[in-house]
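Computed from the coordinates by the stated procedures, all read-outs in this text should not be read as laboratory data. From a predicted model like this one, the values you see are computed outputs, not experimental measurements. Glycine gets a Cβ as well: all are built from the backbone with ideal geometry, and neighbour counts include every protein chain shown.
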Amino acid sequence: MQKPDESPENRLLKLAAQGDKQAFGILYTQYLDEIFRFVYFKVGRTLTAEDLTEDSFIKAWEHLPRIYKRDETVKNFRALLYRIANNLVIDHYRKKKPVENLTDDKPAHSPKPEAIAIESQEIEQITQALRKLKPVEQQIIILRLINDLPHKEAATIMNISENHARVLLHRSLKKLRTIVINDGGMNAEEV
């Protein structure tokens, strides 16, 4: 019997823990894009990001029954997915130190090639600078600015206080800006 104060996500998680593929499919659809973006900006290759994203959901699927068998619940499924994805990215880099380029995905049609080329170059410069940051600095920037999560949610995912998340974001952006400028990229106003 379901509790009256139980959220729809918690109901889906319980059903998924019991093997309900449709319930897990709803959760998968809900979080797929943001987990993929997070992984993509960490690894820089579409196929690798797709594989690691899928592995994240598979691990979550396998982990849910164990959680609920111990009469525990998942307090924040999004945070669980991000932690699994982040751990898989770390494992990926431990196994193989690839030199990857983020410009493997070019738009098929571009109305103004000059504008696309300039924007693509700027994105590449920022992405390369982002990869020079520490993993925790990359993570806060991706969660807050790319996946547009609130400070509180990013802090929960990273297992830090909300205040720490704000300070970390500020310092990480300042460091990113310095790297971009020092690498001879954009000027201070553009960053």
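Ranked highest first by average number of other Cβ atoms within 10 Å, how do 70-78, 122-130, 153-161 line up? The partial results should precede the final answer.
Details: 70-78: 12.9, 122-130: 16.8, 153-161: 18.7.
Highest-to-lowest ranking by the protection proxy: 153-161, 122-130, 70-78.
How large is ³J(HN,Hα) for each residue in region 59-71, as worked out from phi by the Karplus curve 6.51 cos²θ - 1.76 cosθ + 1.60 (θ = phi - 60°), to whole Hz, x for Gly and Pro?
4, 5, 4, 6, 7, 4, x, 5, 5, 6, 5, 8, 6
Simple spin-label model, 7 Å along Cα-to-Cβ: Arg94 to Glu122 in nm?
The two pseudo-label positions are separated by 3.9 nm.
How many nm is it between the label spots at Asp183 and Arg83, if each spot is 7 Å from the Cα in line with the beta carbon?
In this crude label model, Asp183 to Arg83 measures out at 3.1 nm.
So how do 35-42, 14-21, 133-140, 62-69 stack up, highest first, on mean other-Cβ count within 10 Å?
Numbers: 35-42: 22.4, 14-21: 15.5, 133-140: 17.9, 62-69: 13.6.
Packing proxy ranking, top to bottom: 35-42, 133-140, 14-21, 62-69.
Residue separation times 0.36 nm, minus the C-alpha to C-alpha distance between Ile26 and Glu72: what's the value?
Numbers: separation 46, 0.36 × 46 = 16.56 nm, distance 2.12 nm.
Between Ile26 and Glu72, full extension yields 14.4 nm more.
Which one, Thr46, Phe24, Tyr93, is farthest towards the positive end of the dipole of region 1-101 when Lys and Arg carry +1 and Asp and Glu -1 on their Cβ?
Tyr93
Can you give the extra length, in nm with one decimal, that the chain gains between Arg11 and Lys134 once fully stretched, where that is 0.36 nm per residue apart less the Cα-Cα distance?
Details: separation 123, 0.36 × 123 = 44.28 nm, distance 3.70 nm.
The span from Arg11 to Lys134 would gain 40.6 nm if fully extended.
Mind listing the phi-derived Karplus ³J(HN,Hα) values for region 163-172, rounded to whole Hz, using 6.51, -1.76 and 1.60 with θ = phi - 60°, and x for any glycine or proline?
Each residue's phi maps through the Karplus curve to give 4, 4, 4, 5, 5, 4, 4, 4, 5, 5 Hz.
If you filter region 1-59 for GluC sites (Glu not before Pro), then keep DSSP loop positions with at most 13 other Cβ within 10 Å, what is left?
Details: sites: Glu6, Glu9, Glu34, Glu50, Glu54; in loops: Glu6.
Hits after loop and neighbour filter: Glu6.
State, to one decimal in nm, how far the label point of Leu47 lies from the label point of Lys175, with both points 7 Å from Cα in the Cβ direction.
About 3.2 nm separates the two model spin labels.
What are the ³J(HN,Hα) values, in whole Hz, obtained from phi via the Karplus relation 6.51 cos²θ - 1.76 cosθ + 1.60 with θ = phi - 60°, for each residue of region 40-45 in sequence order, with x given for Gly and Pro?
Here the 3J(HN,Hα) series is 4, 6, 8, 10, x, 10 Hz.
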